[in-house]
Amino acid sequence: MEENTKKITLGKLISGSICLLAAALCIFVLIMSIVDSDGDISDIIWNEKAVEALTDNPGSFTVEYYKAYEDHYFTEDGFFSVSKIRYMPTVKQWQMTIRYNKSTLERLSEDLEREIDRENDVFAFALKDNEGKLYTDFEYKKTVKGRYTYYRVIFDDISVRTLEELNICIWFSEDIKDGVYPDSPLGVLPMYNSQMPLNEYKYKKELPENNEPAKGLLPGKQLLK
């Protein structure tokens, strides 16, 4: 009888331990999903030009997007991703979210045998069209969530009608000297292809707060050292 009682007690202890471990794992996964989720990073970010156009002609203001690139589309090496690509025809504006993991800096440092400043901004961006033209004037807002760093980037005055292809290119900012960008970027991500139609994006739930531009937007040139 005593032996049976010990077996039952041991069984309950093991069963209880497994349940506690499973519960802890679920809580950990939930916390990580909250910490690392895109959250407000996915919303449209309104700069002064877009807010002005929306205010002047709210009935005709439209936003388009790519269903294919709505979720994260990665570079071949997996270091960077682009998502939430938006195009505003009225102001010929492109915006997107560029994301990288903390491990990206470590892997790049190892692969390139290069010291990388992990405390400050180290990357710069530009759009490149099918004719090789670079568009380097942009605004951005940086957000760090969990192990991810996000750059919400805005390029103005790039009409989709004149393009066949558009890519986002990424460089080390310190490699850009006197406005000259190296021929080979660290990463290239697709932005637009004329063979793939843009789709209408319903943006009414993402209108600018108090009808004002987003706070914290910075000029892209600030990333250049």
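Applying the criterion of being in a loop (DSSP other than H, G, I, E, B), over 14 Å from S173 (Cα atoms) and among the charged types (D, E, K, R) to the residues of region 120-136, the residue that is least open to solvent (accessible area, probe 1.4 Å) is K133. Inside region 140-174, residues that are of a type outside the set (S, T, N, Q) and open to solvent by less than 60 Å² (accessible area, probe 1.4 Å) make up a count of 20.
For beta carbons closer than 6 Å, sequence separation of 6+ or different chains, a first residue in region 87-108 that is aromatic (F, W, Y) and a second that is crowded, with 19+ Cβ neighbours inside 10 Å and not in a strand (DSSP E or B), the qualifying pairs are W94/I158.
Number of residues in region 108-118 that are touching a strand residue (DSSP E or B) at 6+ places or on another chain (Cβ under 9 Å) and modelled with pLDDT of 90 or more equals 1. Each residue in region 108-119 was checked for being over 19 Å from the mean Cα position of the chain (by Cα) and outside any loop (DSSP other than H, G, I, E, B), and 4 of them qualify.
All conditions in (1) among the hydrophobic types (A, V, I, L, M, F, W, C); (2) in contact with a helix residue (DSSP H, G or I) (Cβ under 7 Å, 6 or more places away or on another chain); (3) modelled with pLDDT of 90 or more hold for I98, with the sole exception of (2).
Taking region 66-96, which residues are open to solvent by 30 Å² or more (accessible area, probe 1.4 Å), assigned to a loop (DSSP other than H, G, I, E, B) and at negative phi? Passing the criteria: K67, A68, E70, D71, H72, E76, D77, P89, T90. For region 186-210, a residue qualifies if it is under 26 Å from D77 (Cα atoms) and open to solvent by less than 40 Å² (accessible area, probe 1.4 Å), and the qualifying residues are G187, L189, P190, M191, Y192. Among strands (runs of 3 or more DSSP E) entirely within region 139-216, having at least 1 residues that are in contact with a Leu (Cβ under 7 Å, 6 or more places away or on another chain) and more than 19 Å from A50 (Cα to Cα) singles out 165-172, 187-193.
The single condition among (1) free of Cβ contacts under 8 Å to residues at least 40 places away in the same chain; (2) touching a Gly at 6+ places or on another chain (Cβ under 9 Å) that A124 does not meet is (1).
The values are calculated or read from the model by the stated rules, or taken from the named source; none is laboratory data. Everything numeric here is computed off the predicted structure, so don't read it as measured data. No Cβ is skipped: glycine too gets one built from the backbone with ideal geometry, and neighbour counts run over all protein chains shown. SASA here: full protein model, heavy atoms, side chains in, ligands and nucleic acids out. Shrake-Rupley method; radii C 1.70, N 1.55, O 1.52, S 1.80 Å.
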